[in-house]
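Scroll down for the structure; my scribbles are underneath it.
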Amino acid sequence: MADGSSAQARLDGVVAIIAGSMVAEVCSIYLRRTSDELELFATEGLNRDAVHNTRLRLTEGLVGEVARSGQPLNLNDAPSHPSFSYRPETGEDPYNSFLGVPLLRGGRTIGVLVVQNMALRQYQDEEVEDLQIIAMVLAEMVTAGDLVGGAELKDIELAPQKPERLKGSSFADGIAIGVVILHEVAVTPDHLLSDDAVAEEARMLKGIGDLRDQIDEMFEGQHGLSGPTFDVLETYRMFAHDRGWTRNLVEAVRSGLTAEAAVERVRNEQRARLNSARDAYMRERLHDLEDLGNRLLRVLAGKNTIAREIPENAILVARDLGPADLLEYDRKRLKGILLEEGSAANHAAIVARALQIPCVGRLDRLRDKVNQGDVVVVDGETGESYLRPRQDVLEAANARIDMRAARRAEFDKLKDVQAATRDGHRISMLMNAGLEFDLELMSETGAEGIGLFRTEFQFMVSEDLPRLKRQTELYTRVLDLAGDKPVTFRTLDLGGDKILPYMETEREENPALGWRAIRMGLDRPALLRMQVRALITAAAGRELRIMFPMVASVDEFRQAREYVDVECAWAKRRGRPLPSVLRVGVMIECPSLLFHLDALLPMVDFASVGTNDLTQYLFAADRTNPRMSDRYDILSPPMLRALSMIQKAADDSGTPVSVCGEIAGKPLEAFVLIALGFNRLSMPPAGIGQVKRMILSLDRETASKAIQKMMNTSYGSLRSEVLALARKLNVRL
Ligand code: PEP
Ligand code: MG
């Protein structure tokens, strides 16, 4: 290969060598163009003129079939196969037997390697194996640019080189520039073939043994919280002890591959097979197998699963991350995360937000598009990622990073300034939280307390159901860290898009309208009572604020509140310390409550408007569906009337009310909330500085009058009017 000959000459050489060693009359290589056509790149035996001229669609011919299925195809009488497609220019008519294997990279077929013979012969299993190994080496060589020159690869996506912009969804805000670290370890091409198959087999067997020990150990719960979820573990264990898997690995090593290459090859085959399965269950199993392969590679590399070495400015790239996965990396060096899948509600996203690591997910085919070490930009503001960005994109990203830092410095100065409007209305600035890490942000942002503590986060990032002890410990630490600042704990808001792997739930047609939050708590009182008990125990002698999510009727609130009373009585009977003050509140998220506020408000100690859900139910628009996200505007007469109605009713009944949806952290929306009379806002920590700056520039009375008028217009959205008003009043947004 190093003789300096042209790329084509090298490829021609390779097919001649393969044909010779396989005793085949024909050997051809097809590579896949971005147009999804398979182009004949080199051949020994077929008509040379067909090279670069013959192109097959993926749906065409036997070669297309191999590419599509990602599986070898071994035929002794190819022309009689239904998929056979005759291309006269290749002159392949005399060849009856056909063996094609895919060239795979990351489970994607990048080409097809074919051998053909005139005789009607069935290729032996060993021959199929051999050709697969050759295909694997070839795929790596092509990808690494060792075989085919840059010009020929122009529109072939092998090792991606070009800058690319991918659109996904933002899972955690912030912008980061860094170099890619692949969570799923890839094997380098110079490590494919072993010198000593016997020694390699021993190494493989030891690796598998160690892996099993590791998993068994985790299974016995010795690694506590940092282990993956119970479900995953159970599947792991099953797969790790699976004889078929072990046999495939050992066979691959016996055929001359290194242990690493054997893992890669077995995994490639599984991926290709399972990728074509549309079934979600099968795809999940694929994830387990991938993970298992990764773990085995790490064991083989002699690396512990904890704390992988990563560069200063690492951007982690993965298909998805489990609860334990993020803990494997040095948090200080990890600057961003890009995921191919995931959802904003899954554990990786929650932890990324708590750690303030920008994260973008749902990036289609991401792992096929980046290489280890590529420079990338993670844009958590827009939910985009730039792979191998051009200089101007990098400069723009850097400028935005600087701007954010400057803004942060400005907000830092406001940290200890009380939020009050210019006409003297005090506004309480609270923050939303869910994990222990979040508490650090309280002093960083100057939040006056926690207006919404989403207790389900602990459940979502755990490997199994946190029981009384673990819950009590968390709530105690949260209250300790909060000191004399108030914390409002919301009872479990599970269901909907927040599903736990370890909890059996039925699949629902409409999860957002289904068995979730307090509905689950009331139907499974043991769960609700355990949580309330943990909260009471943790509060011991301190103020305790509890609120219930997704209450849709006054009866639900009454029942839920009763459980709190029952638990207090229980603690009292046992002589346990009770909270010094107990306040029980309601979240207003279901529109039904708007029409029963007169009955509801006198029952509650406080209320908090969950505008994320209230908007979803008011407009009947799924909050997790990106197609709905820009369709309806919170800044619209129906929504503002609803909010105003709640505020007035709360005022009349003397019930403290706050707003704790995302809008409370957005300056323009918060401007309207304050104009409507709300004076308690609980928001994501990142919103506090900007909202406070807005408040300090605002004259509430003037804004209030103008907003009242707007509510009576016939516009669908008031956004531009509100913006114009804010500008006119010199409000800093
Ligand atoms: C809301 O619905 O506005 C809310 C704050 O709760 P969550 O976002 O957790 O559903
Ligand atoms: Mg909600």
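The values are calculated or read from the model by the stated rules, or taken from the named source; none is laboratory data. Since the structure is predicted, the reported quantities are computational estimates derived from the model, not experimental observations. Cβ sites come from the backbone with ideal geometry, for glycine too, and all protein chains shown count toward neighbours. The area values use the complete protein model at the heavy-atom level, side chains included, leaving out ligands, DNA and RNA. Shrake-Rupley method; radii C 1.70, N 1.55, O 1.52, S 1.80 Å.
Among the residues in segment 585-594, are any at pLDDT below 95, within 20 Å of A670 (Cβ to Cβ) and under 36 Å from the mean Cα position of the chain (by Cα)?
Filtering segment 585-594 for residues at pLDDT below 95 gives none.
Among the residues of segment 585-594, not one is at pLDDT below 95, within 20 Å of A670 (Cβ to Cβ) and under 36 Å from the mean Cα position of the chain (by Cα), which makes the answer no.
Select from segment 53-69 the residues that are assigned to a helix (DSSP H, G or I) and closer than 15 Å to E92 by Cα and list them in ascending order. Result: G61, L62, V63.
Among what's in segment 534-562 and is in a helix (DSSP H, G or I) and free of Cβ contacts under 8 Å to residues at least 40 places away in the same chain, pick the residue that is least open to solvent (accessible area, probe 1.4 Å). Write out each step before concluding.
Our first condition is that a residue be in a helix (DSSP H, G or I); within segment 534-562, this holds for 534-539, 554-562.
Subset that is free of Cβ contacts under 8 Å to residues at least 40 places away in the same chain: 555-556, 559, 562.
Working: D555: 83, E556: 37, Q559: 91, E562: 115 Å².
Among those residues, the one meeting the criterion is E556.
The residue list E44, E89, E37, E65 contains one member that is open to solvent by 40 Å² or more (accessible area, probe 1.4 Å), in contact with a Cys (Cβ under 6 Å, 6 or more places away or on another chain) and not assigned by TED's automatic domain parsing to the domain that holds R271, which is E44.
Considering only residues of segment 622-633 that are in contact with a helix residue (DSSP H, G or I) (Cβ under 6 Å, 6 or more places away or on another chain) and within 14 Å of ligand 2 (Cβ to nearest atom), which is most open to solvent (accessible area, probe 1.4 Å)? Even if it seems obvious, please write down each step before you answer.
Residues of segment 622-633 in contact with a helix residue (DSSP H, G or I) (Cβ under 6 Å, 6 or more places away or on another chain): 622-623, 633.
Now restrict to residues that are within 14 Å of ligand 2 (Cβ to nearest atom): 622-623.
Details: D622: 70, R623: 117 Å².
Across segment 622-633, the extreme among qualifying residues is R623.
Among the residues of segment 600-623, at least one is out of contact with any Pro (no Cβ under 9 Å at 6 or more places or on another chain), assigned to a loop (DSSP other than H, G, I, E, B) and in contact (Cβ under 8 Å) with a residue 60 or more places away in the chain. Answer yes if at least one residue in segment 509-519 is within 32 Å of the chain's Cα centre (by Cα), part of a helix (DSSP H, G or I) and away from ligand 1 (no atom under 16 Å from the Cβ), and no otherwise. Within segment 509-519, none of the residues are within 32 Å of the chain's Cα centre (by Cα), part of a helix (DSSP H, G or I) and away from ligand 1 (no atom under 16 Å from the Cβ). Look at V101 and say whether it is at pLDDT below 85, assigned by TED's automatic domain parsing to the domain that holds I18 and closer than 17 Å to S28 by Cβ. The answer is no for V101.
Working only within segment 407-447, note down all residues that are of a type outside the set (A, V, I, L, M, F, W, C), outside any helix (DSSP H, G or I), away from ligand 1 (no atom under 14 Å from the Cβ) and surrounded by 19 or more Cβ atoms within 10 Å (Cβ to Cβ). Listed by number, the residues that qualify are T421, G446.
Kindly evaluate F606 against the criterion of being more than 10 Å from ligand 2 (Cβ to nearest atom) and out of contact with any strand residue (DSSP E or B) (no Cβ under 7 Å at 6 or more places or on another chain). Criteria not met by F606. Set side by side, the residues I695, I663, I688 differ, and just one is part of a helix (DSSP H, G or I), more than 21 Å from S553 (Cβ to Cβ) and within 16 Å of ligand 2 (Cβ to nearest atom), which is I663. Taking L274, is it over 30 Å from P466 (Cβ atoms) and at pLDDT 80 or above? Taking the combined requirement at face value, the residue does not satisfy it. Among the candidates L578, L601, L618, L597, which residue alone is within 16 Å of ligand 1 (Cβ to nearest atom), touching a helix residue (DSSP H, G or I) at 6+ places or on another chain (Cβ under 7 Å) and either open to solvent by less than 40 Å² (accessible area, probe 1.4 Å) or assigned by TED's automatic domain parsing to the domain that holds P511 (or both)? Answer to the check: L618.
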